[in-house]
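Laboratory data are not the source of any read-out in this text; all were calculated from the coordinates shown. Fair warning: this is a prediction, and the values are worked out from it, not measured in the lab. Quick reminder, even Gly has a Cβ in these numbers, built from the backbone with ideal geometry, and neighbours come from all protein chains shown.
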Amino acid sequence: MASVQEARDGDGDDGRLGSHEPRARRALVFPLPFQGHIDPMLHLACVLHARGLAVTVLHTRFNALDPALHPELQFVEVPDGTPADVAARGGIIDIILAMNAAMEASTAIRDVLASVLADEGRPRAACLFVDANLLAVHMAATALGLPTLVLRTGSAACLGCFLAYPLLHDKGYLPPKESELYMPVPELPPLRVKDLIFSKHSNHEKVRRVLARATETVRNCSGLVINTFEALEPAEMQRIRGELDLPVVLAAGPLHRLSSKSTGSNLLAPDYSCLRWLDTQPAGSVLYVSFGSLASMDIDEFLEVAWGLADRGQPFLWVVRPKQVGDCESVQLPDGFEDAVHGRASGPRSRTCWPTLQWVGSGPTAGGTPRWRVSARESR
């Protein structure tokens, strides 16, 4: 139990609500170690903590979390065994598969979980919230008799597409055909073929394996929490509840609005340079556009987003990360885009490392001064 004892010695929360009111129960959480998955899980952890539960955060050595950002939570590192060469290449699908394979091949995750559960210095653990992509963690917890609940960090519509992925292939919707892009998908209304999750840049066999394993985690857990809310996706939530034989399917989001914490855990140094520009815009007027740390698109989709923003006529903040478009380290906005957003821009300077590009701009009918913002940083 050395790892648990070390974590407790460095933990700022003594497991109490007040000096005479101990926390009776504890929840464990285990995020997938990528930014768009870490933040919602840590927001959930803070929500649970604020409602009287002690919370232990298990995390991988790959993209390890910083306990100093959340002194009220206990952090326990798990040796995930991700090969260094796989991590260095940064392929998300490869990392997920390699990480799960390594954890399944060793007893590390089960040993750490057993140590955490046996820690008599902490309240008894009631359950583990786990990312659906960590099937190895779910399997280890199940073997120890610990109930698991899956946190889906994306929308209910996205989860519906994941669950239907085999059916979409069997019925010929995927891979999409150019002549059928606008054809409706009756099994997933109101989606059309062009709306389905598919990337021609991905290894489809690996994608199939990842989604099949994530679906297995969801179908065999004790409950499902989705970072959405009922009024936003009522039909999707109803469809998922009808498909899954689970005692609890809860739309609990948006978690960042329920949490008292404004941040999860940043893998990169935050860039606050856009705040001065944002402060000049009317409240609630700026569109924020980001596709997270994992999603990719082709150049046609990128251009469609660009012109959609330009035609919107509204101020916007658009984050474009390296390798978001194919395997390109950087990407150029289309000719004429600067003119469409008032034509005032300064392009990025010479780069010696991966840049994260923020285009701060406004549409043709909105005020403000559009310009590039580039911060050189490694991105995963």
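List of remarks:
- Between ALA231 and LEU275, the modelled labels are 3.0 nm apart [label points 7 Å from Cα along Cα→Cβ].
- Highest average packing first - 61-68, 25-32, Cβ atoms within 10 Å: 25-32, 61-68
- Of the residues GLU72, GLU178, the one with the fewest other Cβ atoms within 10 Å heads the list, and the complete ranking is GLU178, GLU72.
- Distant-in-sequence amide contacts of LEU32, defined by a placed amide H-H separation under 5 Å and a gap of 5 or more residues or a different chain, comprise ASP131.
- Calculated from backbone phi, Karplus (6.51, -1.76, 1.60) coupling profile of the stretch 186-193 in Hz, x at Gly/Pro: x, 6, 9, x, x, 5, 10, 4
- For the pair ALA143 and GLU301, a Förster radius of 51 Å applied to the C-beta separation gives a FRET efficiency near 0.75, rounded to the nearest 0.05.
- For PHE75, distant residues with modelled amide H under 5 Å away: VAL57
- Contour excess over end-to-end distance, with Cα ends at GLU104 and ILE197 and 0.36 nm allotted per residue: 30.7 nm
- Residues with amide H under 5 Å from that of VAL185, placed H, sequence gap 5 or more: LEU191, ARG192, VAL193
- Relative exposure of ASP335, ASP271, ASP119, ASP94, judged by other C-beta atoms within 10 Å (fewest first): ASP335, ASP271, ASP94, ASP119
- Estimated vicinal HN-Hα couplings, Hz - the stretch 275-290 in sequence order (Karplus 6.51, -1.76, 1.60; Gly, Pro = x): 5, 4, 5, 4, 5, 8, 8, x, 4, x, 9, 9, 7, 9, 10, 8
- Descending by average beta-carbon neighbour count within 10 Å, the peptides 34-40, 111-117 line up as 34-40, 111-117, the highest first.
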